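Accompanying notes for the structure given below.
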Amino acid sequence: MGEFYGDAYSDNTGMGQSGVSTGTGFQINNLNPALWVRNRFTTLDIGLIGQYKDVVSGAKKQQNAGGNLAYVSLAFPISPRWVLGVSLKPYTFVDYSNSSIRDVQGTQFVGIYNTTGKGGINKASVTTAYQVTKYLSLGLETSYFFGNVRKATEVSLVDRAAVIRGDDLSNEYIVSLNDRTTYSDIAFRAGAALRIPIKKENKLNLNLGASYSIGTTINADQTTTFEVTSNALDVINPDTLQNALGGGLKTPNQFLVGGSLEWPFKLILSADFSYQQWSQYRSFSRSNDGLKDVGRINVGAEYLPRFTSLNYFDLVRYRVGFSYGKTPYSIGKSDVNDTNVSLGFTFPMGRGYQNFLSVALVAGQRGNTGGGMIRERYGRVVLGITLLERWFVKQKID
């Protein structure tokens with residue numbers, strides 16, 4: 001499937017990816033479908049993501065960077081108690097390239113191996129959220145997954161002496177095995193949010209929230225081709241080993257629960273716990289790939305100095321967060337942990353400061369060095385733009 005982007009938008013990313021229980025209504029909270037009902041204005045959220053990685057394994061080091069569209073979402077109130085929304089975001093991404101050279105035993109040849117992967121799965125969703133009572137809201141997200149992943153393995157046999165001399169190897173024979181898997185299916189995610197007033201006059205609230213992503217089998221078609229080329233020309237006709245072979249990819253259930261203390265328009269303290277059953281995962285070949293169930297803790301805080309102030313920086317929202325959990329992978333008997341810290345800022349902009357520019361900065365580490373492990377240190381930036389407008393206003397004549 002590739003690496004996951006996650007459901008948090010820029011504001012929640014700055015809070016350690018926490019916030020399943022609370023939503024201010026200034027921006028869309030995508031961690032819980034039930035919180036979309038807090039958006040009383042028509043809200044357009046657009047996000048961009050950039051990432052840098054420093055990867056170390058023993059004496060080997062590698063750095064890479066990239067970026068992508070993070071999300072596009074639109075929420076609009078149908079009635080005071082009902083909000084409908086649509087969104088489009090990348091769900092997973094695959095982007096790797098590996099090279100190695102190995103001796104062919106008993107010959108003067110060496111094999112040059114290149115493996116690459118590109119693509120990913122996208123997610124288009126329709127979300128509906130309803131305010132059931134004054135304090136309870138429910139939501140349902142219906143998503144359509146689509147996309148493809150392309151993987152290729154190339155092997156060329158060359159004379160060892162030619163490699164040492166640095167000769168041009170473009171005329172050598174290259175054997176290629178290419179896989180293209182196309183995905184498409186529907187999945188569901190449900191959520192609930194409860195706001196409990198602790199102090200009168202809306203001075204302090206206890207918020208509870210939960211969301212549940214229902215595991216599903218995403219339909220997939222896989223095509224595998226075989227080629228032998230020299231100097232970019234086919235030596236033999238390409239052979240299709242399997243054409244649009246039907247299958248599926250089983251995704252695991254995920255449960256996210258959290259609570260928060262909210263001093264409205266002042267301070268939010270949030271803590272979440274997520275659990276995902278990766279032992280239920282099955283690849284196209286029906287393999288679990290040795291993945292394990294994992295849990296994760298996310299905590300964060302958001303502070304707004306003074307909502308009624310005329311000083312611009314008193315209207316900026318400041319965030320800090322921390323996240324820790326295990327990944328589904330293991331190397332030998334060693335688990336691969338993922339830890340990160342985050343900072344976030346939301347700057348009001350436009351006439352009346354009704355629009356917002358959000359920035360989230362994340363720094364973290366996955367894995368460790370030694371014992372054949374890989375340590376990956378990463379930095380991530382999520383930039384979000386939020387535009388608010390009022391739709392469906394009845395015209396009145398004074």
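The values are calculated or read from the model by the stated rules, or taken from the named source; none is laboratory data. Computed from a predicted structure; not experimentally measured. With ideal geometry, Cβ positions are generated from the backbone for all residues, glycine too; neighbour counts draw on all protein chains shown. When the accessible area is computed, the model is the full protein with side chains, heavy atoms only, and any ligands, DNA or RNA have been set aside. Shrake-Rupley method; radii C 1.70, N 1.55, O 1.52, S 1.80 Å.
Considering (1) surrounded by 14 or more Cβ atoms within 10 Å (Cβ to Cβ); (2) in a loop (DSSP other than H, G, I, E, B), say which one Thr223 fails and leave the rest.
Only one criterion in (1) surrounded by 14 or more Cβ atoms within 10 Å (Cβ to Cβ); (2) in a loop (DSSP other than H, G, I, E, B) is unmet by Thr223, namely (2).
Looking at the stretch 168-188 only, could you name the residues that are under 30 Å from Gly259 (Cα atoms) and open to solvent by 40 Å² or more (accessible area, probe 1.4 Å)?
Across the stretch 168-188, the qualifying residues are Ile186, Phe188.
So, of the residues in the stretch 386-398 that are modelled with pLDDT of 75 or more and surrounded by fewer than 16 Cβ atoms within 10 Å (Cβ to Cβ), which turns out to be farthest from Arg351 (Cα to Cα)?
Arg390
I want to confirm something. Restricting to the stretch 189-218 and keeping residues that are of a type in the set (Lys, Arg) and open to solvent by 80 Å² or more (accessible area, probe 1.4 Å), which single residue is farthest from Gln277 (Cα to Cα)?
Per the criteria, the residue is Lys200.
How many residues are over 25 Å from Gln254 (Cβ atoms), touching a Leu at 6+ places or on another chain (Cβ under 6 Å), open to solvent by less than 50 Å² (accessible area, probe 1.4 Å) and not charged (D, E, K, R) if we restrict to the stretch 303-358?
Residues flagged as over 25 Å from Gln254 (Cβ atoms), touching a Leu at 6+ places or on another chain (Cβ under 6 Å), open to solvent by less than 50 Å² (accessible area, probe 1.4 Å) and not charged (D, E, K, R) within the stretch 303-358 amount to 2.
Would you pick out the residues in the stretch 234-272 that are in a strand (DSSP E or B), among the polar types (S, T, N, Q) and at pLDDT below 90?
Of everything in the stretch 234-272, those that are in a strand (DSSP E or B), among the polar types (S, T, N, Q) and at pLDDT below 90 turn out to be Thr240, Gln242, Asn243.
Can you say whether Ile101 is open to solvent by 80 Å² or more (accessible area, probe 1.4 Å) and farther than 30 Å from Lys134 by Cα, as far as the supplied structure shows?
Answer is yes for this residue.
Quick check: is even one residue across the stretch 360-372 part of a loop (DSSP other than H, G, I, E, B), touching a Lys or Arg at 6+ places or on another chain (Cβ under 6 Å) and open to solvent by 20 Å² or more (accessible area, probe 1.4 Å)?
For the stretch 360-372, residues part of a loop (DSSP other than H, G, I, E, B), touching a Lys or Arg at 6+ places or on another chain (Cβ under 6 Å) and open to solvent by 20 Å² or more (accessible area, probe 1.4 Å): present.
Out of the residues in the stretch 273-289 that are out of contact with any Leu (no Cβ under 6 Å at 6 or more places or on another chain) and assigned to a strand (DSSP E or B), state the one that is farthest from Ile198 (Cα to Cα).
Arg282
Considering only residues that are open to solvent by 30 Å² or more (accessible area, probe 1.4 Å), out of contact with any Lys or Arg (no Cβ under 7 Å at 6 or more places or on another chain) and within 30 Å of Val175 (Cβ to Cβ), which ones fall in the stretch 248-284?
The one that is open to solvent by 30 Å² or more (accessible area, probe 1.4 Å), out of contact with any Lys or Arg (no Cβ under 7 Å at 6 or more places or on another chain) and within 30 Å of Val175 (Cβ to Cβ): Phe284.
Please work out which residue is nearest to the chain's Cα centre (by Cα), limiting yourself to the stretch 41-66 and to residues that are more than 19 Å from Gly364 (Cα to Cα) and without any contact (Cβ under 8 Å) to a residue 40 or more places away in the chain.
By that ranking, first place goes to Lys60.
Pairs, please: C-beta under 7 Å, at least 6 apart or cross-chain, first residue without any contact (Cβ under 8 Å) to a residue 12 or more places away in the chain and in the stretch 2-31, second crowded, with 24+ Cβ neighbours inside 10 Å and assigned to a loop (DSSP other than H, G, I, E, B)?
Going by the 7 Å Cβ cut-off, the qualifying pairs are Gly6/Gln17.
If the Cβ limit is 9 Å and pairs must be 6+ apart or interchain, which residue in the stretch 289-315 that is touching a residue at least 60 places away in the same chain (Cβ under 8 Å) pairs with which residue that is among the basic types (Lys, Arg) and crowded, with 16+ Cβ neighbours inside 10 Å?
Gly300/Arg319; Ala301/Arg319; Glu302/Arg317; Glu302/Arg319
When you go through Leu74, Leu69 one by one, which is the residue that is open to solvent by 40 Å² or more (accessible area, probe 1.4 Å), in a strand (DSSP E or B) and in contact (Cβ under 8 Å) with a residue 24 or more places away in the chain?
So the residue among Leu74, Leu69 that is open to solvent by 40 Å² or more (accessible area, probe 1.4 Å), in a strand (DSSP E or B) and in contact (Cβ under 8 Å) with a residue 24 or more places away in the chain is Leu74.
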